[in-house]
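Take a look at the following structure, please.
The values are calculated or read from the model by the stated rules, or taken from the named source; none is laboratory data. None of these values were measured; they are calculated from a predicted model. Quick reminder, even Gly has a Cβ in these numbers, built from the backbone with ideal geometry, and neighbours come from all protein chains shown.
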Amino acid sequence: MELQVSDLTVTRGGIAVLEGINLAVSAGEALVLRGPNGIGKTTLLRTIAGLQLAHAGTVSLDREQMAYSGHADGIKAPLTVAENLTFWASVFGTGSIDAALATFQLGPLAARPAGGLSAGQKRRLGLARMVVTGRPVWVMDEPTVSLDTDAVAMFAEAVRAHLAGGGLALLATHIDLGLSEARVMDVGPFKAKPPKIDDFDGAFL
Amino acid sequence: MIALLLRDLRLAIRAGGGFGLGLAFFLIVVVLVPFGVGPNSSLLSKIAPGILWLGALLACLLSLDRIFALDWEDGSLDLLATAPLPLEAIVSVKALAHWLTTGLPLVIAAPVFGVLLNLPAAGYGPLVLSLLIGTPALSVIGTFGAALTVGLKRGGLLLSLLVLPLYVPTLIFGAEMARRSIEGLSAQTSLLMLAGITSAVIALLPFASAAVLRVNLR
Amino acid sequence: MSSIWEYANPKKFIATTSRLLPWVTGLAVVLMTVGLVWGFFFTPDDFRQGSTVKIIYIHVPAAMMAINTWAMMLVTSLVWIVRRHHVSALAARAAAPIGAVMTVIALATGAIWGQPMWGTWWEWDPRLTSFLILFLFYLGYIALWSAIEDDDTAADLTSILCLVGSVFAILSRYAVNFWNQGLHQGASVLRAGALVGDTEERVSNVFATPLFISMAGFVMLFIALVFLRTQTEIRARRMRALLARERMQ
Amino acid sequence: MPDLGKYADAVLSSYAVSLGLIVALVVLSILRARKVRSALEEVEARVKKDG
């Protein structure tokens, strides 16, 4: 399995932000995207995960292969940690949540309502959801926000386990992830150039 | 799909707001109407089916913006969109959950509230039947409206403006069915039209709602 | 060589409509003036409705345009959904306020006419009620357009709303008919003869000719306004695109 | 001026209301058209200058 992105142009609010992106991630490999704020990393990840339409270019894998984690974790405060995870496990048809609980050391918290968790604990729960999906491609946007050093290590371990199992991961961050072996790519050079002014066509620019 | 339904029901029960709020609102409407039109019991019994239908409709409207807004805010909707469920199914399940938490309690409570409005004895059966057939349409149409306004701040008012005109046929045939039965006229046409609207809406509108949601998630 | 879709290019659309606009506007002014002046000054009173029959020269064309505008919006919405021509979506957006105003005119003149005829300003007559519902549809459509920031999203959502709304508008029409069998003149818009009830056709022709001229005038007015307003929407859209591009640098 | 009889108020007010609304719609459309046109020209000139 290999994730190939060719000549991808992504848009935000109808305006191209990154263009001509080519990248390839093969099984067992992790790629970290870097770049300054607002360059379009989130837009790129959402487009690759199939949540947004690409303006041009192709993504080789179907969205059915991918699990996406964004800035919001999709946690329901009134439900317990275990109920939150069980829900996603049954939506993705994978069943067991024990492995995910163990990976992020959520076992002791399993019966607590998710609303009572700290920010870091919520983030761990959000990341545990990725394990539960059973999808081979992890597309993650700023996964380690609000995690402490121990939790970052847990996350790195989870990603390594995922890669060892033949999965692949595409991450965007500007914080250290504790994944020294991961390839790093700067998206800065792909910043889209403004289109010509006089191109008064159907797309208005 | 069942997991999604169970989750939505569980959320509605735990977070409150679901069952309780709609019913309380329905009760308040029913209690306020006599203050507005006067304590004339024959007048009240004449307008009872209309008031009960309108109360149910407004109570239903009240909870519509919660169908997608919460899932949108916390990112669940994005995650659901990448899940191996077609969006049409998600939309239908959401509508079903809304009906179970809002519509069904209203149907069950309607006869009790009918007593407050002197609803004639002949009206109870047809009223409950018309609500039972009609309220699913309210939930499905409402889900369409909620999908249209999901990404908007202050979408609540716009949602009402968009959904209320779409409720007109259901309201007309629903209230008409109860009214005709009370007056001893044949309610068959209304019943058939109401059932027709509900089944057509359930069969077709989820496609429009899913299309709209797809646009909004983009 | 040229297909109709060429006019979907904004530049081409602006160029073509700018050339046509003076002619259409002139035609609208002439036809409306002739129709309304003829109807107002040179037609006899109806033997039952008296001089109120003169209201039809406004009421009927406005009612016709209220419905036709929605039909035009439905068509342009479909074109947008199928062929993704921006001008089409913008034309629907430009037309909606015209339709809303026409609906208000039809409702207002209907109410003013109903006051002496039915003895009440407002009657929950099926046709009047349907127009009230149509007005609500216009309001919702316009509100949805203005609530969404992204132009393409707004175009998509309003198009789908227009489609769904059309089905429900027709459904409401039947529901309302069933709900109240009504006092309104049982006239189809094109059969002007029926407007004067059971008098003979000979009499009705006196009313029919100015009415048809007035209707043609309203159609021309609509086309002129749609041209002008669509141009405005295209320019506004280009301006937003330029400003967005400026922020990019 | 034709003799409108007892319905003069109704007829005249319908014409007044309707023509008033139509004129208002036309005037608003023209004003907005002018405003947007000049605003676009300004933006266009600025953008062309800055490249």
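I'd like the residue in the stretch C:119-147 that is over 20 Å from the mean Cα position of the chain (by Cα) and more than 7 Å from every other protein chain (Cβ to nearest Cβ) and, out of all such residues, is farthest from C:L107 (Cα to Cα).
C:G119
Going through the stretch C:1-48 one residue at a time, which ones are modelled with pLDDT under 85 and among the small types (G, A, S)?
Matches in the stretch C:1-48: C:S2, C:S3, C:A8.
Assess whether A:V152 counts as being at pLDDT 85 or above, away from every other protein chain (no Cβ under 14 Å), assigned to a helix (DSSP H, G or I) and surrounded by 22 or more Cβ atoms within 10 Å (Cβ to Cβ).
no
State yes or no: is A:T58 surrounded by fewer than 18 Cβ atoms within 10 Å (Cβ to Cβ), of a type in the set (V, I, T) and either closer than 24 Å to B:I2 by Cα or more than 10 Å from chain B (Cβ to nearest Cβ) (or both)?
yes
Quick one: is A:F104 buried (at least 20 other Cβ atoms within 10 Å of the Cβ), touching a residue at least 24 places away in the same chain (Cβ under 8 Å), away from every other protein chain (no Cβ under 14 Å) and among the aromatic types (F, W, Y)?
So A:F104 fits the description; yes.
Also, I was wondering about something else. May I ask you to say which residue of A:G13, A:G20 is of a type in the set (G, A, S) and modelled with pLDDT under 85?
The conditions single out A:G13.
Somewhere in the stretch C:177-190, is a residue under 18 Å from C:E233 (Cα atoms), in contact with a Ser or Thr (Cβ under 9 Å, 6 or more places away or on another chain) and at pLDDT 80 or above? I'd like the intermediate steps shown before the answer.
Quick first cut of the stretch C:177-190, residues under 18 Å from C:E233 (Cα atoms) only: none.
Scanning the stretch C:177-190 turns up no residue that is under 18 Å from C:E233 (Cα atoms), in contact with a Ser or Thr (Cβ under 9 Å, 6 or more places away or on another chain) and at pLDDT 80 or above.
Hey, any hits in the stretch A:174-184 for a residue that's in a strand (DSSP E or B) and at pLDDT 85 or above? Walk me through it before giving the result.
Residues of the stretch A:174-184 that are in a strand (DSSP E or B), as a first pass: A:183-184.
Restricting the remaining residues to those that are at pLDDT 85 or above gives none.
Within the stretch A:174-184, not a single residue is in a strand (DSSP E or B) and at pLDDT 85 or above.
Within 30 Å of B:E73 (Cβ to Cβ) and in contact with a helix residue (DSSP H, G or I) (Cβ under 6 Å, 6 or more places away or on another chain): does that describe B:G145?
Criteria met by B:G145.
Is it the case that some residue within the stretch A:7-20 is more than 8 Å from chain B (Cβ to nearest Cβ), within 19 Å of B:L217 (Cβ to Cβ), surrounded by fewer than 18 Cβ atoms within 10 Å (Cβ to Cβ) and among the acidic types (D, E)?
Checked against the condition, which is being more than 8 Å from chain B (Cβ to nearest Cβ), within 19 Å of B:L217 (Cβ to Cβ), surrounded by fewer than 18 Cβ atoms within 10 Å (Cβ to Cβ) and among the acidic types (D, E), the stretch A:7-20 yields no hits at all.
Would you pick out the residues in the stretch A:155-181 that are surrounded by fewer than 18 Cβ atoms within 10 Å (Cβ to Cβ) and of a type in the set (A, V, I, L, M)?
A:A161, A:A164, A:I175
Before we move on, is C:M102 within 15 Å of C:L221 (Cα to Cα), crowded, with 23+ Cβ neighbours inside 10 Å and at the interface with another protein chain (Cβ under 10 Å from one of its Cβ atoms)?
Numbers: within 15 Å of C:L221 (Cα to Cα): yes; crowded, with 23+ Cβ neighbours inside 10 Å: yes; at the interface with another protein chain (Cβ under 10 Å from one of its Cβ atoms): yes.
It is true that C:M102 is within 15 Å of C:L221 (Cα to Cα), crowded, with 23+ Cβ neighbours inside 10 Å and at the interface with another protein chain (Cβ under 10 Å from one of its Cβ atoms).
While we're on this one: Among the residues of the stretch C:51-75 satisfying the criterion of being more than 14 Å from chain D (Cβ to nearest Cβ) and buried (at least 22 other Cβ atoms within 10 Å of the Cβ), which is farthest from C:N9 (Cα to Cα)?
The selected residue is C:W70.
Any chance the stretch A:78-95 includes a residue that's at the interface with chain B (Cβ under 7 Å from one of its Cβ atoms), surrounded by fewer than 19 Cβ atoms within 10 Å (Cβ to Cβ) and closer than 17 Å to A:Q121 by Cα?
Yes, the stretch A:78-95 contains a residue that is at the interface with chain B (Cβ under 7 Å from one of its Cβ atoms), surrounded by fewer than 19 Cβ atoms within 10 Å (Cβ to Cβ) and closer than 17 Å to A:Q121 by Cα.
Within the stretch B:197-204, does at least one residue satisfy the condition of being within 14 Å of chain C (Cβ to nearest Cβ), out of contact with any strand residue (DSSP E or B) (no Cβ under 9 Å at 6 or more places or on another chain), over 30 Å from B:G75 (Cα atoms) and polar (S, T, N, Q)?
Within the stretch B:197-204, one or more residues are within 14 Å of chain C (Cβ to nearest Cβ), out of contact with any strand residue (DSSP E or B) (no Cβ under 9 Å at 6 or more places or on another chain), over 30 Å from B:G75 (Cα atoms) and polar (S, T, N, Q).
When you go through (1) touching a helix residue (DSSP H, G or I) at 6+ places or on another chain (Cβ under 7 Å); (2) away from chain B (no Cβ under 14 Å) one by one for C:A111, which number turns out not to apply?
(1)
Could you please let me know if B:A3 is in contact with a helix residue (DSSP H, G or I) (Cβ under 7 Å, 6 or more places away or on another chain), crowded, with 19+ Cβ neighbours inside 10 Å and among the small types (G, A, S)?
Answer is no for this residue.
Within 9 Å of chain D (Cβ to nearest Cβ), at negative phi and surrounded by fewer than 23 Cβ atoms within 10 Å (Cβ to Cβ) - does that describe any residue in the stretch C:76-98?
For the stretch C:76-98, residues within 9 Å of chain D (Cβ to nearest Cβ), at negative phi and surrounded by fewer than 23 Cβ atoms within 10 Å (Cβ to Cβ): present.
Which condition breaks for A:A110 when tested against (1) more than 22 Å from A:A169 (Cα to Cα); (2) within 14 Å of another protein chain (Cβ to nearest Cβ)?
Only one criterion in (1) more than 22 Å from A:A169 (Cα to Cα); (2) within 14 Å of another protein chain (Cβ to nearest Cβ) is unmet by A:A110, namely (2).
Condition check: hydrophobic (A, V, I, L, M, F, W, C) and surrounded by 20 or more Cβ atoms within 10 Å (Cβ to Cβ). Does B:A175 satisfy that? If you could, list the steps in order and put the result at the bottom.
Numbers: hydrophobic (A, V, I, L, M, F, W, C): yes; surrounded by 20 or more Cβ atoms within 10 Å (Cβ to Cβ): yes.
So B:A175 fits the description; yes.
Further question on the same structure: Within the stretch A:13-25, identify whether any single residue is out of contact with any helix residue (DSSP H, G or I) (no Cβ under 8 Å at 6 or more places or on another chain) and under 27 Å from B:D8 (Cβ atoms), and answer yes or no.
Among the residues of the stretch A:13-25, not one is out of contact with any helix residue (DSSP H, G or I) (no Cβ under 8 Å at 6 or more places or on another chain) and under 27 Å from B:D8 (Cβ atoms), which makes the answer no.
Within the set of pairs 6+ apart or on separate chains, which have a first residue in the stretch C:106-125 that is under 18 Å from C:F218 (Cβ atoms) and touching a residue at least 60 places away in the same chain (Cβ under 8 Å), a second that is β-branched (V, I, T) and in a helix (DSSP H, G or I), and C-beta atoms under 8 Å apart?
What qualifies is C:W113/C:T52; C:W113/C:I55.
Here is a follow-up. Select from the stretch C:152-173 the residues that are surrounded by fewer than 21 Cβ atoms within 10 Å (Cβ to Cβ) and more than 7 Å from every other protein chain (Cβ to nearest Cβ) and write down the one among them that is farthest from A:G13 (Cα to Cα).
For the stretch C:152-173, the residue satisfying everything is C:R173.
Another question, then. Within the stretch D:9-51, track down each residue that is modelled with pLDDT under 85, closer than 21 Å to C:W38 by Cα and at the interface with another protein chain (Cβ under 7 Å from one of its Cβ atoms).
Listed by number, the list holds a single entry, D:A10.
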